[in-house]
Amino acid sequence: MIRGIDGILLYSHDGRKLADFYKEKVGLRLTSEIEMGNDKEVGFTFEMKNGFTLWIMDHSKIKGANIQPERYMINFEVDNIQKEFDRMVKMGVKKIQDVYHVEGYGMIATFEDSDGNYFQIVQIRPTEESELN
């Protein structure tokens, strides 16, 4: 029986650069850095409050930017989508899609990371702070 998703593994030709992007530009909290295998590839973990973990790791078979960034996206839930959207744009994160509404779900905005992968920020539950802005 499948119990849920433990985490997502995001491989890169330069795991450190990609991990730095998610730490510095997106604002995720880096929780560990590990060395793996005989080639001393590195991995980075970003643990979320809900127990979910994003792993960013070096992989010898990954070369260059993602050529199909729409195929797979990670949604990061935020409290105030407009505030986070504006912050990321100011930080120079490449915007793919402005904030838009999806009926029955919430608000979404799409960005591109330093490897060319798309990711989204989502606000699915309004908060008092976001309702005031």
(message) For a quick check of your reading of the model, give me the residue pairs whose first member lies in the range 17-32 and is under 17 Å from Gly51 (Cβ atoms), whose second is among the charged types (D, E, K, R) and at pLDDT below 95, with beta-carbon atoms closer than 8 Å and at least 6 apart or on different chains.
(response) Arg29/Glu47; Thr31/Glu47
(message) Whether any residue in the range 18-31 is over 24 Å from Ile5 (Cβ atoms), assigned to a loop (DSSP other than H, G, I, E, B) and either assigned by TED's automatic domain parsing to the domain that holds Ser114 or not charged (D, E, K, R) (or both) is what I want to check.
(response) no
(request) Working carefully through the options Arg71, Arg29, find the one that is at pLDDT 95 or above and of a type in the set (Lys, Arg). (result) Arg29
(request) State whether the residues of the range 79-90 include one that is touching a strand residue (DSSP E or B) at 6+ places or on another chain (Cβ under 9 Å), exposed (fewer than 11 other Cβ atoms within 10 Å of the Cβ) and either in a loop (DSSP other than H, G, I, E, B) or assigned by TED's automatic domain parsing to the domain that holds Asn117 (or both). (result) no
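Yes or no: Thr53 in contact with a Gly (Cβ under 8 Å, 6 or more places away or on another chain) and more than 16 Å from Ser114 (Cα to Cα)?
Yes, satisfied.
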(request) Would you check which residues across the range 12-68 are basic (Lys, Arg) and exposed (fewer than 15 other Cβ atoms within 10 Å of the Cβ) and list them? (result) Arg16, Lys17, Arg29, Lys40, Lys49, Lys61, Lys63
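Filter the range 37-56 for residues that are farther than 22 Å from Glu77 by Cα and outside any loop (DSSP other than H, G, I, E, B) and give the result. Quick ask: steps written out before the conclusion?
To start, the set of residues in the range 37-56 that are farther than 22 Å from Glu77 by Cα comprises 37-43.
Selection gives Glu41, Val42, Gly43.
This table checks each residue for (1) more than 13 Å from the chain's Cα centre (by Cα); (2) at pLDDT 95 or above; (3) closer than 14 Å to Gly15 by Cβ.
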residue: Lys40; (1), (2), (3): yes, no, yes
residue: Gly51; (1), (2), (3): yes, no, no
residue: Trp55; (1), (2), (3): no, yes, yes
residue: Asp58; (1), (2), (3): yes, no, yes
residue: Ala65; (1), (2), (3): yes, no, no
residue: Asp86; (1), (2), (3): yes, yes, no
residue: Val89; (1), (2), (3): yes, yes, no
(request) Under 7 Å between Cβ atoms, at least 6 apart or on separate chains: pull out the pairs that start in the range 116-132 with a residue that is modelled with pLDDT of 95 or more and end on any residue that is of a type in the set (Ser, Thr, Tyr) and surrounded by 10 or more Cβ atoms within 10 Å (Cβ to Cβ). (result) Tyr118/Thr110; Gln120/Thr110; Gln123/Ser130
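The values are calculated or read from the model by the stated rules, or taken from the named source; none is laboratory data. This is a predicted model, so every value here is computed, not measured. All Cβ positions, even for glycine, are placed from backbone atoms using ideal geometry, and neighbour counts span all protein chains on display.
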